[in-house]
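Some notes on the structure that comes next.
The values are calculated or read from the model by the stated rules, or taken from the named source; none is laboratory data. From a predicted model like this one, the values you see are computed outputs, not experimental measurements. Counting neighbours? That spans all protein chains shown, and the Cβs are built from the backbone with ideal geometry, glycine included. When the accessible area is computed, the model is the full protein with side chains, heavy atoms only, and any ligands, DNA or RNA have been set aside. Shrake-Rupley method; radii C 1.70, N 1.55, O 1.52, S 1.80 Å.
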Amino acid sequence: MKYIFVTGGVVSSLGKGLAAASLGTLLELRGLQVVLQKLDPYLNVDPGTMNPFQHGEVYVLADGAETDLDLGHYERFTNCVLTRANNLTSGQVYETVLAKERRGDYLGKTVQVIPHITDEIKTRIRDVGANSGADIVITEIGGTTGDIEGLPFLEAIRQFILEVGSGNAIIMHVTLVPFIKAAGELKTKPTQQSIAKLREIGLQPQVLICRTEMPLDTEVRQKLSLFCNVPLDAVIEAGDVDHTIYEAPLNLRDEGLDSIVCRLLSLETKEPNLSDWKRFVQRVISPKKRVRIAIVGKYIELQDAYKSIYESLTHAGASNDCGIDMVLVDAEDIEIEGAEKYLQGVAGVLVPGGFGDRGVEGKIKAARYARESRTPFLGLCLGMQVATIEFARNVCGLAEANSTEFAPETPDPVIAILEEQKDVTDMGGSMRLGTWQTKFLEGSHAHQVYGKTEASERHRHRYEFNMKYRQILEEKGFVISGTSPDGNLVELVELKNHPWYLACQYHPEFQSKPNAPHPLFKSFISASLANED
Ligand code: GLN
C-alpha cells in the first residue's frame, strides 16, 4: 500500500481537494486503484450541522455520511467508493478517544494528544486503505500549514511515514506562488516559509503544486526546488484553469505530476489514457449550443453552496453538446418582485434543496411560473416540497397549504414531519440520510427518463409528502411517479399536462459524473434545449 498526503500552505482555497482528486484521476487512468480521504481539523463531528455560509455544500455519501464537499470532487473525478470513514474530523477523533477513555480502555493511563489522538488518526488512515483494497490512499489534510488545529494530524502523518517507510509515502504540498504586480515578480518566500513550518514538525514534502497566476520560469522553479528541498521536476506549475475544473488533471499531466509520483513511490504502470477525459473537457469548452437555466436558491451568492448541482448541470450539458448559462436567482428577489422579472426567457428552472423559511415563498412562485409557462422544471428535495405546496395552493385551492417546517399550524400540511422524526431533538446526523430505493410508476415520465423501474438515490431531509393529500392532488393532474418500494414515501412527482416537470425528494446531484451524467439532469437539459428552440 502506498500513501500520498496532500497538505496546503500559505492560504486556504487553493483547490487542494481538486489537486488531490486530479491526481486520483491520473493514477486511476494508469490502471491503479485509488481511494481518497479527507481529514478535517475542525471539532464538528461532521459538517452536517454547519450552514452553507460556513462550509459550502454538505456532500452526502451512499451510506448517509454528511461530508465535506471535497468528497464530491473525489467521487466525480475517480471511481473510488467512499464511506463515512473517508471523511475524518477532529470531532470524530476526540469523540472516539473520549468514549474509549470513559470505558476504561486506556487502563489508567493519562490520555494525551500523543500518542492517543495521533494513534486514532493513524488507525483511521490505515483502515481506509485496508478496507478499500486500493493500491494508493490519497489523504488530504484540511486547513493550512501553521494552523494550531491541524497539528495533531500533521504529527500523526510524521509517525505514519516513519512506520510505513519513506519509499511508501510522500507529501504533496499545495502552495501559492503570488505575483507581485509592482515588482513584476513571482514570489517564492511564502512557500519557503510554509515548508519551513512543515520541517519544524518533521515533515518534508516531495512534490510542490504551485498555484500561480503566471507561468513559473526556470529561475523560480530552481529557487523553489533549492529552498524547499524538492526535486526540480517535482515543482509543478498549477495555473488557474481556463474554462472548467475538469482541465486540472490534463494540466497536471502536462507538468508530469503522475510520472513523478509513480517514480517517487516506485510504481510501475502503463501511461494514462486520457482520451475520454479530453473529449469531455472539449465538449465543455466548445459546445455547439447554449442554454439558459435559472437556479432559484437562497445561497446563490456563495460559490460552493450548490456545487454538486452546478457540476451535474455541466455534465448534463456536455452530454447534450451544449453549454449551460447558469442564471443564479435569489429566491427572495422573486418573493418581492415576482417570478416573471427573473425567469422570463430562461429555458429551464431548477429549484434546489434548502432548510428554513427564508426565500421559500419565492421558490413557490418559481415553481408556479414554470408550471404555468410550461417551462421545464427540476425540483430537488425542498424543490419537490415547494412544487407540492404550489400545486396544492394554486391548483387544488388549498390556499394555506404549506410544510410544517415553515408553518407548523397550517390547516393543510401537504409536507409534514415523519412520525418517527417527531421526537428527534439532536440536529446532527438525524435526518433521513443516504441511499434509499425508489420505485417508478410504469409508463410515467420518470420511468421513461430513467429507462428503468427502480433507482438508488441519496437523501438528506426530514420532511415528507403527506399521503393524506395524495388523492386531492392526483385528481388535478399531479402524479406521484416515484415512491419507496413499500409505497409509503413519495420520492418523485411530476405533472400530467406539462412537457417536463419532475421534482424529487432525493438529491440526484450527488451521483452525476463527467462521462456519466445523471438521467434527470440529462433529460432536463435536453427538454430545456427543446424549449429554447
Ligand atoms: N428542509 C427540507 C426537509 O428537511 C428539505 C431538505 C433539503 O432540501 N435537503 O425535509
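Per residue, the convex hull spanned by the Cα atoms of the chain measures out at 165 cubic angstrom. Counting only lysines at least 8 places from LYS452 when in the same chain, those with an alpha carbon closer than 27 Å to its own are LYS439, LYS476, LYS496, LYS513, LYS522.
What the Cβ-Cβ distance of ILE180 and ASN515 gives, at R0 = 45 Å and to the nearest 0.05, is a FRET efficiency of 0.65. Taking only the Cα atoms of the stretch 267-390, the ratio Rg/Rh comes out at 1.10, with Rh defined as the Kirkwood radius. Along the chain, the longest continuous region that contains none of the GluC sites (Glu not before Pro) in a DSSP loop with at most 14 other C-beta atoms within 10 Å is 1-148. Just so you know, the Cα atoms of the stretch 1-89 work out to an Rg and Dmax of 13.0, 39 Å. For the stretch 245-346, the per residue solvent-accessible surface stands at 45 Å², with DNA, RNA and ligands left out and a 1.4 Å probe. Between 0 and 90 degrees, rounded to the nearest ten: what's the tilt of helix 16-29 against the longest Cα principal axis of the chain? Between the helix axis and the principal axis of the chain, the angle is about 90 degrees.
Among the protein heavy atoms of the stretch 341-430, carbon and sulfur supply 47% of the accessible surface, probe 1.4 Å, non-protein parts ignored. Sorted largest first by accessible area at a 1.4 angstrom probe radius, with every protein chain in place, the residues ILE148, ILE300 fall in the order ILE148, ILE300. The trypsin sites (Lys or Arg not before Pro) of the stretch 173-215 that DSSP puts in a loop, and whose beta carbon has at most 10 other beta carbons within 10 Å, are LYS181.
Using the rule -39500 (n - 2.57) for each DSSP H run of four or more residues, divided by the residues of the chain, the 222 nm mean residue ellipticity is -11000 deg cm²/dmol. The trypsin sites (Lys or Arg not before Pro) found in the stretch 248-333 that occupy coil by DSSP, while having at most 14 further C-beta atoms within 10 Å, are LYS270, LYS288.
Heavy-atom accessible surface of the stretch 1-145, averaged per residue, reaches 36 Å², computed with a 1.4 Å probe.
Candidate cross-link partners of LYS100 among the lysines, defined by an alpha-carbon separation under 24 Å and a same-chain spacing of 8 or more, comprise LYS38, LYS109, LYS122. Taking a straight line from the alpha carbon of LYS197, these lysines sit under 19 Å away, with near neighbours fewer than eight places off in the same chain left out: LYS16, LYS187, LYS189, LYS223.
A simple charge model with +1 on the Cβ of Lys and Arg, -1 on the Cβ of Asp and Glu and nothing else charged puts the dipole of the stretch 342-478 at about 480 debye relative to its Cα centre. Surface composition of the stretch 432-480: carbon plus sulfur atoms contribute 47% of the solvent-accessible area (1.4 Å probe, protein chains only, all chains present). Overall, the accessible surface of the stretch 131-207 at a probe of 1.4 angstrom is composed of carbon and sulfur to the extent of 54 percent. Taken about its Cα centre, the chain carries a charge dipole of about 840 debye when Lys and Arg each add +1 at the Cβ and Asp and Glu each add -1 at the Cβ. Heavy-atom accessible area, probed at 1.4 angstrom with all protein chains present, ranks ILE336, ILE114, ILE161 as ILE336, ILE114, ILE161, highest first.
Semi-axes of the equivalent ellipsoid of the stretch 57-201 are 30, 22, 16 Å, computed as sqrt(5λ) over the eigenvalues of the C-alpha gyration tensor in descending order. Averaging over all projection directions, the Cα-based convex hull of the stretch 43-140 occupies 7.3 nm² in the image plane.
Rolling a 1.4 Å probe across the protein heavy atoms gives the stretch 415-533 an accessible surface of 45 Å² per residue. Among ARG393, ARG102, ARG368, the order of accessible area from largest down is ARG102, ARG368, ARG393, computed with a 1.4 Å probe on protein heavy atoms.
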